[in-house]
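These notes concern the structure reproduced below.
The values are calculated or read from the model by the stated rules, or taken from the named source; none is laboratory data. Note that this is a predicted model, so its numbers are computed, not measured. Cβ sites come from the backbone with ideal geometry, for glycine too, and all protein chains shown count toward neighbours.
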């Protein structure tokens, strides 16, 4: 059985394209394995690196507050370090509110949260031109306890 498999694989390799990716795909199909996902590139790779080095893209707030607690400041310090090393990256900071808030209150508190995060990142040395702050209000609130701001790497 193994000899037949090796002969089959050798035969496939002879007629397969020289592209290594195509060869891996054919070998995986012969062996019945799922193909490996393509490697991340561009902004997707940068997003993965950002999350790996900073731990999260989300800053949590307490209740109806826009004040940054110690855990939030620690996370922002790691994010700021990464952003200073990648000045070509443009960031959108989305401020979110709870579903229980009125529309107007949700817009206001979301804006305060996004602006507070932006201001703190600037204080930590991230260029202001690299950052924008927007409020998501109730439009993308997930439910109670949604007191957060999310860092989105745009490009």
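What the table below lists for this structure:
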{"read-out": "Pair list, Cβ < 7 Å and 6+ apart or interchain, from region 33-51 residues that are within 22 Å of residue 152 (Cβ to Cβ) to residues that are in a loop (DSSP other than H, G, I, E, B) and at pLDDT below 90", "value": "43/155; 48/40"}
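Yes/no per residue for (1) modelled with pLDDT under 95; (2) in a helix (DSSP H, G or I):
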{"position": "73", "(1), (2)": "no, yes"}
{"position": "77", "(1), (2)": "no, yes"}
{"position": "81", "(1), (2)": "no, yes"}
{"position": "84", "(1), (2)": "no, yes"}
{"position": "99", "(1), (2)": "yes, no"}
{"position": "105", "(1), (2)": "yes, yes"}
{"position": "129", "(1), (2)": "no, yes"}
